[in-house]
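What follows is a set of notes on a single structure, which appears directly below.
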Amino acid sequence: MVFQNYINGEWVSGPTFDNRNPANTDEVVGQMVKGSAADIAAAADAADKAFGAWSTLPAPTRGNYLYKVADILDRKFDEISADMTREEGKTLPEAKGEVRRAINIFRYFAGEGSRMFGIQAPSERDRVHMFALRKPIGVVGLVTPWNFPSAIPAWKMAPALICGNTIVVKPASVAPLSAWRIVEACHEAGIPKGVVNYVAGSGGELGQALVDAKPLKAISFTGSCGVGEWLHERASKRRMRIQLEMGGKNPTIVLADCDFKSAVENTVNASFFSTGQKCTATSRAIVEDAIYDKFVEALVERTAKLKVGDGMQPGIDIGPAVDQGQLDTDLEYIEIGRKECGEPRIGGNRLTGGAYDKGYFVEPTIFADVTENMRIAREEIFGPVLAVIRASDFEDAMRIANNVPLGLSASVQTTNVSRVFEFIYRMEAGLLTVNLPSAGVEYQLPFGGTKDSSFGPKEQGPAALEFYSDYKTVYLKY
Ligand code: NAP
């Protein structure tokens with residue numbers, strides 16, 4: 001089936017590219033229309049024309065459209081979840097969890113239409129009433145990655161729309177169908193033409209077209225640091241508002257007083273589920289010396305039980321890498337790891353033979369005795385490769401954890417309340433977990449990192465409105 005682009009309320013065709021299943025590259029999940037710079041320009045113009053009417057609709061009415069989108073996604077839940085597993089590779093239960101989250105995000109922001117609180121403050125002057133209203137910013141470009149192909153488009157589209165903006169969505173080329181399904185739901189929900197536009201295609205070409213599109217007032221981007229910097233440089237020249245959510249090198253600190261079994265489970269879950277392809281995944285386990293050897297042994301034992309395979313099959317824990325490029329990166333870093341600190345304690349190979357030959361499967365891999373300046377301890381890999389680092393004590397663990405330029409998520413495993421609070425106040429990351437996996441966030445609270453991981457206001461929860469709306473301040477004498 002061909003999945004067309006969506007511009008000004010019309011499905012638009014053109015040359016296509018294959019969207020293939022990374023668990024079985026013989027399977028074409030769909031053919032996506034490859035959009036051009038001209039498509040982005042047309043989408044931006046359509047969004048500009050639609051802005052006036054959409055932005056002046058009462059926000060609760062915009063909310064009603066978003067409730068309809070959620071209901072449509074809910075009706076197609078099984079089909080959309082299966083599409084995601086087939087295009088991205090994550091297991092079906094993981095895909096279902098993500099689609100459920102996307103639906104909840106639409107409902108959450110639909111409700112925001114009935115709040116949309118501004119600010120009211122008492123004036124120092126007699127009989128002056130003053131307040132600040134929220135207003136939309138205009139046409140917004142949304143550029144999304146492949147690893148959460150439904151939730152990330154949802155957590156950008158829903159707040160953008162409820163605030164009254166019109167949008168141009170550019171999904172990742174390796175997993176564009178999940179976002180397409182949301183756009184289809186927007187169409188079926190009757191969102192007026194031009195409000196939502198969708199153009200799939202090459203990031204380089206379409207990214208340049210987005211920053212060149214005059215009507216665009218803002219871009220929200222999630223993806224790699226390199227592309228984020230590229231976009232930031234160009235968008236800021238035009239004084240566009242920009243939000244960047246980028247890479248991580250997330251630590252899990254494991255202290256000697258932790259609940260050992262759950263610390264092992266949390267570390268394995270955060271490092272390997274979704275094939276290590278979560279931006280909040282753990283890629284460094286920083287373990288206190290007193291339990292280091294025992295912990296590494298337990299990690300290896302638990303990891304050995306993980307089943308790697310086609311995520312559509314029941315009982316599979318870990319799907320494939322998303323594409324050949326990500327597989328190559330994983331294998332390249334495994335070789336770097338071998339050179340830096342010897343054989344991994346487990347894993348270290350591409351999986352081959354039988355059905356494995358048709359996909360991009362790699363063994364979950366653990367390197368032990370990694371030191372903090374090695375490349376596998378500093379650079380984002382974005383695959384199922386864990387570096388375990390020894391720390392002499394809590395202070396040493398905190399120092400190592402903070403000694404990287406990225407700061408997205410971090411976790412601590414401990415039963416000591418004082419250490420928990422030390423961690424909360426001193427850890428340089430935007431998303432913290434305590435006695436939970438480093439990955440696994442919810443949409444009701446702000447999401448985003450610090451340091452080189454992020455730029456601009458946070459996403460999700462009430463914080464999302466800060467990027468997608470502006471204030472208009474009014475002083476009124478009565
Ligand atoms: P990516 O290569 O940076 O791509 C992200 C998006 O940007 C895709 O839609 C891509 O299109 C597009 N793009 C590529 N070049 C562009 C350009 N010059 N201008 C504008 N857009 C361009 O990232 P990815 O490989 O999809 O995702 C993995 C990365 O995302 C990891 O670094 C991960 O940490 C990060 N991530 C961060 C978060 C977070 O919230 N912090 C969440 C998820 C993922 P094409 O697909 O067509 O190239």
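The values are calculated or read from the model by the stated rules, or taken from the named source; none is laboratory data. All figures in this text were calculated on a predicted structure; none of them were measured in a lab. Cβ atoms come from the backbone with ideal geometry, glycine included; neighbour counts cover every protein chain shown. Accessible surface areas use protein heavy atoms only, side chains included; no ligands, DNA or RNA. Shrake-Rupley method; radii C 1.70, N 1.55, O 1.52, S 1.80 Å.
Things worth noting here:
- Counting protein heavy atoms only, the chain has 52 percent of its accessible area on carbon and sulfur, 1.4 angstrom probe.
- About the centre of its Cα atoms, the range 243-384 shows a dipole size close to 220 debye [charges on the beta carbon of Lys, Arg (+1) and Asp, Glu (-1) only; nearest 20 debye].
- Residue among Ala175, Ser274, Phe221 farthest towards the positive dipole end of the range 139-286, charges placed on Cβ: Phe221
- When the alpha carbon gyration tensor of the range 119-278 is reduced to an equivalent ellipsoid, the three semi-axes, largest first, read 33, 26, 18 Å.
- For the residue pairs Lys68/Lys90; Lys214/Lys249; Lys34/Lys339, the C-alpha atoms sit more than 29 angstrom apart in Lys214/Lys249; Lys34/Lys339.
- Rolling a 1.4 Å probe over the protein heavy atoms gives the range 277-347 an accessible area of 43 Å² per residue.
- Of the DSSP H helices in the chain, those whose Cα atoms cover at least 20 Å axially and whose Kyte score averages -1.0 or more: 37-56, 59-75, 92-112, 324-341
- Sparsely packed trypsin sites (Lys or Arg not before Pro) within the range 326-391, loop by DSSP, other Cβ within 10 Å at most 15: none
- Cα gyration tensor shape of the chain, rounded if a/c is under 1.5, else prolate or oblate by comparing a/b with b/c: oblate
- Each helix, a run of at least 4 DSSP H residues, gives -39500 (n - 2.57); summed and divided by the residues of the chain, these come to -12500 deg cm²/dmol at 222 nm.
- Charge dipole of the range 325-478 (Cα centre as origin; +1 on each Lys and Arg Cβ, -1 on each Asp and Glu Cβ, all else neutral): 400 debye, rounded to the nearest 20.
- Residue-normalised accessible area of the range 81-200, given per residue in Å² at a 1.4 Å probe: 28 Å²
- Antiparallel DSSP beta bridges within the range 57-199, as percent of all bridges there, nearest 5: 35 percent
- Reachable aspartates and glutamates from Lys217, criterion Cα separation under 16 angstrom, eight or more residues apart if same chain: Asp45, Asp48, Glu233, Glu466, Asp470
- Signed unit charges on C-beta, dipole axis of the chain, positive-most listed residue Leu386, Val434, Ser283: Val434
- Placing unit charges on the Cβ atoms only, positive for Lys and Arg and negative for Asp and Glu, gives the chain a dipole magnitude near 1940 debye about its Cα centre.
- Descending by average beta-carbon neighbour count within 10 Å, the peptides 151-162, 62-73 line up as 151-162, 62-73, the highest first.
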